[in-house]
1. In a shell of Cβ-Cβ distance under 13 Å around residue 3, excluding residue 3 itself, what net charge do Lys and Arg (+1) and Asp and Glu (-1) give?
2. Tell me, what is the FRET efficiency for residue 66 and residue 7 to the nearest 0.05, using R0 = 25 angstrom and their Cβ-Cβ distance as r?
3. Applying 1/(1 + (r/R0)^6) with R0 = 22 Å to the Cβ-Cβ distance of residue 59 and residue 38, what FRET efficiency is obtained, to the nearest 0.05?
4. Find me the longest stretch of the chain that has none of the exposed trypsin sites (Lys or Arg not before Pro), where exposed means in a DSSP loop (not H, G, I, E or B) with at most 16 other Cβ atoms within 10 Å.
5. Counting only C-alpha contacts under 8 Å and six or more residues apart, can you give the relative contact order of segment 1-56 as a whole percent?
6. Assigning unit charges at the beta carbon (Lys, Arg +1; Asp, Glu -1) and nothing else, what dipole magnitude in debye, to the nearest 20, does segment 1-56 show about its Cα centre?
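Please treat every number below as a calculation from the coordinates, not as lab data. Note that the structure is a prediction, hence the values are computed from the model and not measured. Glycine also receives a Cβ, built like all others from the backbone with ideal geometry; neighbour counts cover every protein chain displayed.
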Amino acid sequence: MRKCALCEKTSRMGGARKLLRGHYNPVNWSRKYPNLQYAQVEGKRMLVCTGCIRTLNKAPRKRVAKKDSVAAAA
């Protein structure tokens, strides 16, 4: 089974119900697959979902030093 190399997202089963003349008609289940693409991650070519690709391309956040709450209260 295909899955994302980073978050290990795999396929999911999903169904729907149609409303026909006041009664719900069960519809067959269908399999939904993640959008996997080949990408270079740490110098290796691997299958990664598009959500992880977008996260990898984000600029890293800068850490802001928090002030000590004990020092501020005194």
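1. +2
2. Here the calculated transfer efficiency is 0.30.
3. 0.45
4. Looking at the chain, 22-57 is the longest stretch - no exposed trypsin sites (Lys or Arg not before Pro) with at most 16 other Cβ atoms within 10 Å.
5. That works out to 32 percent.
6. 260
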